[in-house]
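Following: one structure in structure tokens, then a few remarks.
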Amino acid sequence: MHHMYREIRETPEALLKVKRKMEEIREIAENLVEKGIKRIFAVGCGTSYYIAVGGLYPLIKYSNIDVYPLPSSEFFLNYLNKVDSKAAVVGISRSGSTAETLEALKRANRRGGLTIAISCNEEAEMLEIVDKSFAVKVEEKSIIMTKSFSTMSYALSCLSAHYLKEIEIEEGKILVGELEKIPDVSKITLEKGEVAREFAKKFVEEGIRGFIYLGSGPAYALALEGSLKIKETSYSMSEAMPTLEFRHGPMALLGEKIKLVIIALEGDTLEVTLRLIQEVKEKGHAPFVLTNSDKAAEVEGIYIPVGLNETLTVPVMITPLQLLAYYYCVSKGLNPDKPRHLVKYVGRF
């Protein structure tokens with residue numbers, strides 16, 4: 001069994017580790033409020049950056065605080081002037097040793113910002129240089145990040161929800177209550193996501209040579225990460241973009257052995273996503289759709305009716321996309337545990 005597949009299957013157990021330490025996350029959120037934080041940056045590299053995009057979404061949707069999910073390098077090269085004592089910088093790294101993320105946190109410290117680390121390594125170097133930290137031991141032998149994505153996404157979503165609750169935003173109380181469900185919901189998405197095997201095999205048989213992933217709101221983070229898994233494991237060209245951006249140029253690629261993958265989540269963006277799906281079908285293309293809405297259930301793809309607020313879906317709805325990448329990779333005769341040119345973390349820049 002490949003490490004990547006085994007580690008995807010271990011996701012619910014990894015999420016339970018976060019749930020058991022939820023009080024630590026609540027205390028960090030409480031500290032953000034006590035410090036009067038006005039701006040929150042979440043930074044990481046690759047998959048960890050996509051965690052920032054999805055995990056901060058509750059704050060983007062429900063609060064008035066300034067929120068910046070950024071690649072670590074872009075943060076310290078171009079955004080440091082926005083960091084002062086009223087800014088918090090959350091660094092995200094599986095290993096806790098990623099060079100750009102360490103540099104981002106060090107420079108934020110020098111600017112007087114409140115620094116926070118989220119990692120899957122309880123002995124990470126990153127934890128020693130920040131003001132606050134949250135870490136759970138989640139080991140992955142595969143270079144490809146899978147259960148660690150879900151784990152750290154869950155942790156950042158918890159931080160966002162608890163912050164909302166601490167500043168007495170009504171939605172925060174609701175989200176904190178829903179957080180408890182996530183490990184159990186993960187078991188459902190894991191089992192139902194196994195149908196990805198059939199679709200992946202079909203894509204190979206059809207000669208699909210590239211992918212475009214579309215998502216809006218929290219689904220955009222899923223699109224980014226789903227697309228990256230295809231690149232890392234199968235060396236296929238893949239691109240991710242916000243849903244309606246597809247209409248502004250990239251739609252010309254339809255018909256070129258490109259498979260369109262659309263993430264359609266219940267919530268504010270569902271109706272426009274459904275309209276795009278219909279528009280694409282009218283042009284003779286059958287998109288692959290990952291959805292939790294019965295309004296899109298009849299479209300080719302994976303339908304998993306999870307009962308979560310859309311802002312909390314990222315840690316669980318990523319699993320079918322990970323499985324799709326895994327099965328597409330092995331159907332092409334490739335080994336996902338040995339992606340060329342990649343290492344577990346980049347220790348210098």
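Read-outs: derived from the displayed coordinates by stated rules, not from any lab. Predicted, not measured: the structure shown is a model, and the values here were computed from it. Glycine also receives a Cβ, built like all others from the backbone with ideal geometry; neighbour counts cover every protein chain displayed.
Brief remarks follow.
- Glu191-Leu77 FRET efficiency (beta carbon distance; Förster radius 25 Å; 0.05 resolution): 0.05
- For the stretch 3-180, pairs of C-alpha atoms spaced more than 22 angstrom apart make up 38 percent of the total.
- Net length available on complete extension from Ala297 to Glu23 is 94.9 nm, with 0.36 nm assigned per residue and the Cα-Cα distance removed.
- Full extension of the chain segment joining Arg111 with Ile174 gains 19.2 nm, where the gain is 0.36 nm per residue of separation less the Cα-Cα distance.
- Net charge of neighbours whose Cβ lies under 13 Å from the Cβ of Thr269, counting Lys and Arg as +1 and Asp and Glu as -1: -2
- Summing Cβ point charges (Lys, Arg +1; Asp, Glu -1) relative to the Cα centre of the chain gives a dipole of roughly 860 debye.
- Seen against the Cα atoms of the chain and their longest principal axis, helix 270-282 is set at about 30 degrees.
- Relative contact order (percent, whole number), the stretch 189-331, Cα cutoff 8 Å, 6+ residue spacing: 35
- At 0.692 mPa s and 37 °C, Stokes diffusion of the stretch 18-123 via Kirkwood alpha-carbon radius, µm² per second: 239
- Radius, Kirkwood style, for the chain when every pair of distinct Cα atoms is counted (Å): 20.1
- Förster radius 45 Å - calculated FRET efficiency between Leu334 and Glu128, Cβ distance, rounded to 0.05: 0.75
- 222 nm mean residue ellipticity, helices alone, for the chain (DSSP H n ≥ 4; -39,500 (n - 2.57); rounded to 500): -14500 deg cm²/dmol
- With contacts taken as Cα pairs under 8 Å and at least 6 residues apart, the chain reaches a relative contact order of 21 percent.
- Where the alpha-carbon atoms of the stretch 77-192 are placed on the principal axes, they occupy 45, 41, 24 Å, in descending order.
- Separation of alpha-carbon centers, the stretch 140-195 and the stretch 3-25, rounded to whole Å: 10
- Relative contact order (%) - the stretch 27-70, alpha-carbon pairs under 8 angstrom, separation at least six: 44
- Seen from every direction in turn and averaged, the convex hull around the alpha carbons of the stretch 189-331 projects onto 7.4 nm².
- Sites matching trypsin sites (Lys or Arg not before Pro) across the stretch 249-349 that sit in DSSP coil, with at most 12 neighbouring C-beta atoms within 10 Å: Lys257, Lys283, Arg340, Arg348
- The stretch 35-137: GluC sites (Glu not before Pro) in DSSP coil with no more than 15 other Cβ atoms inside 10 Å: Glu122, Glu123
- The Kirkwood hydrodynamic radius of the stretch 1-43, based on inverse pair distances between different Cα atoms, is 13.0 Å.
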